[in-house]
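Taking it in order: structure first as structure tokens, then the write-up.
The values are calculated or read from the model by the stated rules, or taken from the named source; none is laboratory data. Keep in mind that this is a model prediction, so the values were computed, not measured. Every residue, glycine among them, receives a Cβ derived from its backbone with ideal geometry; neighbour counts consider all protein chains shown.
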Amino acid sequence: MEWESDERELKAAGAEPLPDGRSGLRIHGWEIESRKRSILTSLQLQQWEEELQTSHLPEMVFGDNSLVLKHVNTGTKIHFNALDAVVGWKHEALPPVEVPAAAKWKFRSKPLQQVVLDYDYTFTTPYNGSETVERNAECVRGLLNESSCSLHWEDCIDKIDLVALASKEPILFYDEIILYEDELADNGISLLTVKVRVMPSGWFLLLRFWLRVDGVLMRLRDTRLHCLFEGHMKSVILRESCWREATFQALSSGEVIHLLLL
């Protein structure tokens, strides 16, 4: 179901929908847009395999899906897409989860060939978003790194106030975008999604990689970003990441008390 905004709430917050039928809005110097399309075709998958130099991709890749948050005055763009996430998976190259049936799951289309399972078939990715700055935009001191004209993140003691985010505030825009998914031949799930919520006070998003290998392993990798609106020329963005995993054996024995930070 597509999100339907309230015109009165948008006007009161100083926001407006994006033109030309695009999904998203403009607010306090930000352009926030979500795009949702069909999964890649066979030809597109082949092109991706050639570009990434791999013969392995998730079963369902939404290559044209994306979430883009652009700060207009600085040209700063934070965006989320499947291609960069798969690049992260390939570079990290985790060892495959040891499951006897795994080879059968991923090579069922070539049953007569000898299988060597030498890659991470769960498509676990360290991806926490992509960042670019348009060339015609000035690098703003304190927000961008002057030497590279790219985003510069600094460690800080501030934390995202999840309690405050749970307060009753009008939601001006909301969307959830799937980047890729693999059901591990009905033996679990590997899923990468990004959700965004825009309020009068700021925007919040959650990028989540979720893995469940039935009877074996659960894995969660979350990245949260929160931006409070402080004017058209200044925005403070907090970013937090959380990586957790546990075996089913550890969960059933009570060794792991807290697995997921939801």
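Of note:
- With respect to (1) exposed (fewer than 15 other Cβ atoms within 10 Å of the Cβ); (2) touching a residue at least 40 places away in the same chain (Cβ under 8 Å), the lone exception for S66 is condition (1).
- Filtered residues of the range 4-40 (kept if outside any strand (DSSP E or B) and closer than 20 Å to N81 by Cβ): L18, R22, K36, R37, S38, I39, L40
- On the stretch given as the range 45-70, residues that are touching a strand residue (DSSP E or B) at 6+ places or on another chain (Cβ under 6 Å) and either over 22 Å from E183 (Cα atoms) or small (G, A, S) (or both) total 5.
- For the range 185-228, a residue qualifies if it is acidic (D, E) and modelled with pLDDT under 95, and the qualifying residues are D186, D214.
- The set of residues from the range 122-143 being modelled with pLDDT under 95, touching a strand residue (DSSP E or B) at 6+ places or on another chain (Cβ under 9 Å) and assigned to a loop (DSSP other than H, G, I, E, B) comprises T122, E134, A137, E138, C139, V140, L143.
- Any chance D118 is modelled with pLDDT under 85 and on the phi > 0 side of the Ramachandran plot: no
- Any hit, the range 200-213, residues being buried (at least 20 other Cβ atoms within 10 Å of the Cβ), in contact with a Pro (Cβ under 8 Å, 6 or more places away or on another chain) and either closer than 22 Å to L10 by Cβ or in contact (Cβ under 8 Å) with a residue 60 or more places away in the chain (or both): no
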